[in-house]
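Written out below as structure tokens is the structure these notes cover.
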Amino acid sequence: MKMEELNYYYNKFKFGEDIFHQLMQKRVRDILLVSTFYDAFIFEQDGRLSEQIFGEYRQLNLSTAPRITSVPTGAEALEKLKENSYDLVITMMRIGEIGPFDLAKEIKQLHPDLTVLLLLNVASDYLIWENHEEERQYIDDVFLWNGDTKLFLAMVKNVEDNINVEYDTSHGLVRVILLVEDSVHYYSMFLPSLYSVIMKQTQKLIEEEVSDINKHLRMRVRPKVLLAHDYEQAVQLYEKYKEYILCVISDVRYRVEGKIDPEAGIKLIRHVMAKNRDLPMILQSSEDENEAIAQELNVHFLNKNSKHLFKDLREYMVFSLGFGNFIFRNPQGEIIDEASNIAEFEEKILKIPVESLEFHSKFNHFSNWLIAHGEIQIAKKIRPMKIEDFESRDELRQFLYHIFRTVRIEKNRGKIINFDAVSLSEMNQIIRLTGGSLGGKGRGLAFLNALLCTMDYEKKFENTSISLPSTAIIGTNEFDQFIERNNILESIQGKSDEEIDKLFIEGQLSEILVKRLEIYLDAVKYPIAVRSSSLLEDSQAQPLAGVYRTFMLPNNHRDKMHRLRQLMDAIKLVFASVYLSDARNFLDSLNFKAEEEKMAVIIQETVGCLNGDKYYYPHISGVAQSYNFYPTSHMQHADGIANIALGLGKSVVEGKLNYRFCPRYPDLDMLPPEEMMRNSQKEFYALNLANNDFDLLGGEEITLSKLTLKDAEKHGTIRYLASVWDYENFRLTDNLQERGLKVLTFSSILKYNYFPLAKIVEELLEIGEIALGIPVEIEFAVNLDDKKSLTHKPTFYILQIRPLSVSTDAYQIETDKLDKSELLMYTEHGMGNGIIEDLRDVIYLDPNTFDKTMTQEMQTEIEKFNNKMAKEGKHYILIGPGRWGSRDKFLGIPVRWPQINRAKVILETGLRDFIVEASQGTHFFHNLVAMNVGYFTIPYVSQTDFVDLDWLLNQPHCEKGEYFVHIEFDHPLVVKMDGRTGTAVIHK
């Protein structure tokens, strides 16, 4: 994928469909008003014109109101036009020696495309207009001032409609209302009312919108109004825009071929009916006898003399054009029910009587309502359909339900939407439960989801779904209010982690959040994950990974209030994790204070399926990085790396046994078969749905169970994941019918492409790296049989994306000039870049004391050494066997990052019978990268890499523990790292 292609999709997301940001390009921003001092005074003082116009714009949430410049004479107007640029000229009749007609002529000669309107303030002046037939060709239209500033708004909007209509209809399918009227007095009164109805409908749709991006789009796609004054102009406009006409509103008596025709409107209606009988039309007249003609033509009639004219207009537009709520009626016109938005429509369409369904279908009310809601393409598809096209009324009902549901889901797909109960369980959208920042994790997730939805990325893979789990986010405002409301900062002073947790549990969340969480739990009945999303977490500035908490909740207790308490406890404990000792130590090492950190919370559907009668887990969880710090064979750094495991992702991010592959070369084994068998995953995590009554103070694992491959085999979940170890031939076979030990190799997925995991991961990493501008890491999960999906297709879920700090300016080590006898260490499996010249301290684990059953004791001891180094303000080189930071105590010392955060270089060494792969893909590893720690691995058997332990063991030490030894040298040990090749050395 190229940068230009990604930029195209980003713009498409930012502006909606990429055509929409080009709509309404031409706006009236500067108006030149030519009027006498008296008229200008009356406008400003009596009508308070500028203030009123600004008020109208603000009330309707329109863009910036136009500026009005007033001049008293035509001569001064021409001077102003030489000095400045204007979008519209409005002239009064009496403006000095250069009258309005001469002024308009001169303006058109200088600026042919500049619109000039004549505004009469006395009805009798219309005779002057009538008598200047030749000269009036230079004036675009004439209006009569009636003291209502809404006329100015209507004039401006009508000018904008005229100059944008051609482009906006052809490119944005914008609808058009054709108004035919020759009475300047009447249309100057009627046009503001018509625009008022249109604007209020648009305003209503904006209020309905739960996505801020969609709100900005709505004003641009409102219907346009075109005003015609005679038959020929009306026919010409109809023929030009007939595909886009929403409604025709016509007077009865006006000119045909230059002469007044008492049946002009009737002729126009018949002309339109010959082309489109279903188009809504209004005949309006001050002559009562024309009502019978309108009934005969089966069109709506408006009596111009009616005291309820504008009320009648609004009712018609609501009922027949779909403006306002959808009113469900029976064939007798009686109201049965109503829906104020598309979500309510979905609910009501399943319940209304059959006769109401038939009535609205017959008169195209459903498609009209969709058009009024801006869903023109779908409306065009369903409009030609007839009741007879469906085998049963129930089929028609289900068709309409799915059409409207599709409209709603597609409109919000990929968006961050404000709290909306109907959308809570939908995929591919993020619901904001409270205001404030989304946090680092939330921001990354929202961005990638928006981009992938805009790209229709999942369409690239047949029979595969790619999705974001249903997601809701509590913004950081709630965290700020929680800390303040519950007096947290004063209360936690001197408290232990356990005491801090209890303080937070006792705290009160805001009433609005609690209410929304109740509504959330009404809609969401599946297991959920409550994840941290702090400002720093997964951000580009200082990405923290795994420092804060994640809780998995079964969410299946029969008492909803019990589920609510569990959810609130999880949220509070995620809040609390900012102030716990590990997080504080971590933030201290970044020179941040805990008080500067803010926490958002992600509540997300837990990806998985029910297996057996109580265990819930996905077929695959994984982490992938677009940059491989330790490429082997012919792989390059940029080819990326992925770690995957059966069950919940805890196995991967905590560094337990899992399977590693390169997304670009998925069929390339990274280990020999015997080693693969020995180091393959033996256990996995699942959410225990039977345990639905628990105390989260017991820790993040309180709701989880650790299962074996035997359990997974009973569940039938390793069918496409496992191979069998053939003891007789010392090889792996993919025939699961063979007897032998099951080994998770994921061969059906990676080698035989049962599911295109490698390709999806490779492309997502590429998209993420281009989008973020630096290498990235993603977390994901896969359900191979997704029963929750409507299609039941295998589904890839993207869980999060974070930046990965990789230095691009590599320090170069010339290996042929090295004297290896002067080196403490040499490796070609190093991570890091540059030179460190100020390290005098080495803390190493004495290989003679290592016992892999005692790694937790070693964890406690190294923490004491680390704390001492912190007090002295010193950094050190840490050397020890196995996988540092693994939560599996048999793979290495299970330290947390704060326990060794003074280490500037970490060296993992291999021992006989203790061969472990590097920690790549874990949260611990991600934090090493973020902190720019040099991280090296020395295999036990290597032709090139070494660490001179004999020399180290013979150096005098300043402190020795049961397992670790601290040496302080009188000179710095210079560390050099070549980030390009992975070569690293430590000079003695």
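The values are calculated or read from the model by the stated rules, or taken from the named source; none is laboratory data. This is a predicted model, so every value here is computed, not measured. Neighbour counts run over all protein chains shown; Cβ positions are idealised from the backbone, glycine included. All accessible areas refer to the heavy atoms of the entire protein, side chains included, with ligands and DNA or RNA removed. Shrake-Rupley method; radii C 1.70, N 1.55, O 1.52, S 1.80 Å.
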Worksheet item: Hey, got the dipole for the chain? About the Cα centre, +1 on K and R Cβ, -1 on D and E Cβ, debye to the nearest 20?
Response: 1460 debye
Worksheet item: What is the extension gain from Asp102 to Gln493, computed as 0.36 nm multiplied by their sequence separation minus the C-alpha to C-alpha distance, in nm to one decimal?
Response: 132.6 nm
Worksheet item: Of Lys240/Lys267; Lys105/Lys150; Lys267/Lys304; Lys224/Lys362; Lys460/Lys793; Lys150/Lys267, which ones are farther than 23 Å apart at the Cα?
Response: Lys105/Lys150; Lys224/Lys362; Lys150/Lys267
Response to the item:
From most to least accessible, 1.4 Å probe, no ligand or DNA/RNA atoms counted, Tyr126, Tyr238 line up as Tyr126, Tyr238
Worksheet entry | ³J(HN,Hα), Karplus 6.51/-1.76/1.60, whole Hz, each residue of the range 71-77, x for Gly, Pro | 9, x, 9, x, 4, 5, 5
Item to complete: Treat the range 829-890 as a sphere of radius equal to its Kirkwood radius over Cα pairs and apply Stokes-Einstein at 10 °C in a medium of 1.306 mPa s; give the translational diffusion coefficient in µm²/s, rounded to a whole number.
Response: 118 µm²/s
Worksheet item: So, how do all the Cα-to-Cα distances of the range 660-755 break down into 5 Å bins, in percent, from 0 on up?
Response: 2, 12, 19, 20, 16, 11, 8, 7, 4, 1, 0
Practice prompt. Could you state the angle between the C-alpha long axis of helix 3-14 and the longest principal axis of the C-alpha atoms of the chain, as a value from 0 to 90 degrees rounded to the nearest 10?
Written response: 60 degrees
Worksheet item: Near Lys157, which aspartates and glutamates are there with a Cα under 17 Å away, not counting those fewer than 8 places off in the same chain?
Response: Asp30, Glu56, Asp87, Asp113, Asp140, Asp141, Asp148, Glu166, Asp168
Worksheet item: Largest first, what is the accessible-area ranking of Met676, Met189 with a 1.4 Å probe?
Response: Met189, Met676
Worksheet item: Based on the Kirkwood radius over alpha-carbon pairs, what is the Stokes-Einstein translational diffusion coefficient of the range 716-785 at 4 °C with 1.567 mPa s viscosity, in µm²/s?
Response: 92 µm²/s
Item to complete: Using the heavy atoms of the protein chains and a 1.4 angstrom probe, tell me the accessible area per residue for the chain in square angstrom.
Response: 43 Å²
Worksheet item: How much accessible surface area, in Å² rounded to 10, belongs to the heavy atoms of Trp951 with a 1.4 Å probe?
Response: 60 Å²
Worksheet item: Regarding the chain, what whole-number volume in Å³ per residue does the convex hull of its Cα atoms give?
Response: 220 Å³
Worksheet item: Tell me, what is the 1.4 Å probe accessible area of Met670, in Å² to the nearest 10?
Response: 50 Å²
Worksheet, complete the sentence: Cα-Cα longer than 24 Å, checked against Lys242/Lys380; Lys864/Lys889; Lys275/Lys307; Lys200/Lys307; Lys650/Lys710, kept in input order, equals Lys275/Lys307
Response to the item:
For the range 441-556, the Kirkwood Rh over every pair of distinct alpha carbons, in Å, works out to 17.2 Å
Response to the item:
The FRET efficiency for Ser340 and Lys889, from their Cβ-Cβ distance with R0 = 60 Å and rounded to 0.05, is 0.55
Worksheet, complete the sentence: Once amide hydrogens are built 1.01 Å from N within the peptide plane, the residues lying 5 or more places from Ser70 or on another chain with amide H under 5 Å from its amide H are Leu33
Practice prompt. Please report the relative contact order for the chain, taking Cα pairs under 8 Å with a sequence separation of at least 6, and give it as a percent rounded to a whole number.
Written response: 7 percent
Practice prompt. Rank these residues by their accessible area, most exposed first, probe 1.4 Å: Ile767, Ile163.
Written response: Ile163, Ile767
Worksheet item: Roughly how tilted is helix 511-523, in degrees to the nearest 10 and between 0 and 90, from the longest Cα axis of the chain?
Response: 90 degrees
Worksheet entry | As computed over the range 716-858, the Cα convex hull volume per residue (Å³) | 284 Å³
Worksheet item: Within the accessible area of the chain, what % is carbon and sulfur when the probe is 1.4 Å and the other protein chains stay in place?
Response: 47 percent
Worksheet item: Roughly speaking, what is the stretch gain from Ala292 to Arg393, that is 0.36 nm per residue apart minus the C-alpha to C-alpha distance, in nm to one decimal?
Response: 32.9 nm
Fill in: Distance in nm between pseudo-label sites at Tyr38 and Lys614 (7 Å out along the Cβ direction from Cα)
9.3 nm
Worksheet item: From the backbone phi of the range 673-679, what are the Karplus-calculated ³J(HN,Hα) couplings (6.51 cos²θ - 1.76 cosθ + 1.60, θ = phi - 60°) in whole Hz, Gly and Pro given as x?
Response: x, 5, 5, 4, 5, 5, 9
Discussion item. To test your reading of the geometry: what angle, between 0 and 90 degrees and rounded to tens, separates the Cα axis of helix 855-871 from the longest principal axis of the chain?
Written reply: 70 degrees
Worksheet item: Using modelled backbone amide H atoms (1.01 Å from N, in-plane), which distant-in-sequence or interchain residues come within less than 5 Å of Ile417's amide H?
Response: Ile430, Ile431, Arg432
Discussion item. Taking amide H atoms as placed 1.01 Å from N in the peptide plane, list the residues 5 or more away in sequence, or in a different chain, whose amide H sits under 5 Å from that of Thr909.
Written reply: Gly880, Gly882, Ile938
Worksheet item: Applying 1/(1 + (r/R0)^6) with R0 = 22 Å to the Cβ-Cβ distance of Arg731 and Tyr752, what FRET efficiency is obtained, to the nearest 0.05?
Response: 0.80
Item to complete: Report Rg(Cα)/(2.2 N^0.38 Å) for the range 76-143, keeping two decimals.
Response: 1.05
Discussion item. Let's test the formula: R0 of 45 Å, r as the Cβ-Cβ distance of Glu701 and Ser821. What FRET efficiency results, to the nearest 0.05?
Written reply: 0.40
Worksheet item: Can you pull the accessible area of Asp148 for me, 1.4 Å probe, Å² to the nearest 10?
Response: 60 Å²
